[in-house]
Amino acid sequence: GSGGDLSHGWIIPLISAYVLWQNRVALHAARKTVYPAGMVVVIGALILHWLGYRSQLTRLSLFSMIVLMWSVPLTLYGREVGKLLIFPCSYLLFCIPLSFLDTVTVPLRILASTVSTNLLNGLGISAMQSGTAIQSSAGGGFSFDVADACSGLRSILAMTALTAAYAYMTQEGMLRKWVLFLCAIPLAIVGNITRIVTIAIVAVCFGAEAAMKVYHDFSAFIVFPV
């Protein structure tokens, strides 16, 4: 939904479709041959879907559908086609809600508030941390909590999805692709901490109301340039 952890999800299928279009010449030129071993993956995916349906695990069913999208062409057209479809199919995994990641929001909130408080004190803005809350009497004073929405999880999910596509399209070699992809996680955390620190600076300079009611909403865009 809008503003949710997967608010960027609409772009994922478009990127997958673009990669398919980009590889259209290679797909057409690939040697086509039936690959019977692919039926093992097809049957496994169907079993996963059945298990997901019976146990009401939607994520499992969604995962099985993505595996089917890859394994059926693999079986019918062979390994060369299957290799070309690995990325556009696996990229669709970013569309699956990962609600189990909610367990990391509290550690991310504590990390963000701790580092932000230390940075503010280092900048000469006296600040105190209480759990995930940051308080200060500097300027007009401010007190705000690093809530779940500000934990940085959304930024990590969006950044890894976009970086995966960027790495695939621009980098040569698997090592370079994976290094760039994994860098998205710490960079998203740094961007989120930068956002929190700048909110506090705006609160000191222009007041808490300007920081929390005006700058807070627009500051979300800081994460990606950082």
Return the carbon/sulfur percentage of the accessible area of segment 134-226, one whole number, probe 1.4 Å, all protein chains in place. 70 percent
Show that you can apply the helix-only estimate: for the chain, add -39,500 (n - 2.57) for every DSSP H stretch of four or more residues, divide by all residues, and state [θ] at 222 nm to the nearest 500. -19500 deg cm²/dmol
For segment 1-134, I need the span (max minus min coordinate) of the C-alpha atoms along each principal axis, in Å, sorted largest to smallest. 68, 39, 26
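Taking only C-alpha pairs under 8 Å that are 6+ residues apart, what is the relative contact order of segment 43-183 in percent? Intermediate results must be reported in sequence, preceding the final value.
Numbers: 126 pairs, mean separation 19.3, N = 141.
Over segment 43-183, the number comes to 14 percent.
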To the nearest 0.05, what FRET efficiency results for Glu209 and Ile185 with a Förster distance of 41 Å applied to their C-beta separation? 0.75
Pull up all non-local amide H partners of Phe144: gap of 5 or more, or a different chain, and H-to-H distance under 5 Å with H placed in the peptide plane. Ile134
Once the Cα gyration tensor of segment 118-226 is diagonalised, what are the square roots of 5 times its eigenvalues, in whole Å and ordered largest first, as equivalent ellipsoid semi-axes? 32, 13, 11
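Return one whole number: the accessible area per residue of the chain in Å², for a 1.4 Å probe.
Details: 12930 Å² over 226 residues.
For the chain, the per-residue accessible area is 57 Å².
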Structure-derived Rg/Rh (Cα atoms, Kirkwood Rh): which label, when the choices are (1) 0.94; (2) 1.00; (3) 1.11: (3)
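Accessible area of segment 10-52 with a 1.4 Å probe: how many percent of it is carbon plus sulfur?
Ligands and nucleic acids excluded, carbon and sulfur give 77 percent.
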Using only Cα atoms, find the angle between the long axis of helix 58-77 and the longest principal axis of the chain, and express it within 0 to 90 degrees, rounded to the nearest 10. 40 degrees
Taking the chain as the reference, fit the longest principal axis to its C-alpha atoms, fit the long axis of helix 38-54 to the helix C-alpha atoms, and give the angle between the two in degrees, 0 to 90, nearest 10. 50 degrees
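Keeping every protein chain in place, order Thr103, Thr132 by accessible area at 1.4 Å, biggest value first, i.e. largest first. Kindly include the intermediate steps, with their values, before the conclusion.
On the way: Thr103 110, Thr132 25 Å².
From most exposed to least exposed: Thr103, Thr132.
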Nearest 10 degrees, 0 to 90: what angle lies between the long axis of helix 11-22 and the longest principal axis of the chain (Cα atoms)? 40 degrees
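The values are calculated or read from the model by the stated rules, or taken from the named source; none is laboratory data. This is a predicted model, so every value here is computed, not measured. Here the Cβ is made from the backbone with ideal geometry for all residues, glycine too, and neighbour counts use every protein chain on show. What goes into the accessible areas is simple: the full protein's heavy atoms, side chains included, and nothing from ligands, DNA or RNA. Shrake-Rupley method; radii C 1.70, N 1.55, O 1.52, S 1.80 Å.
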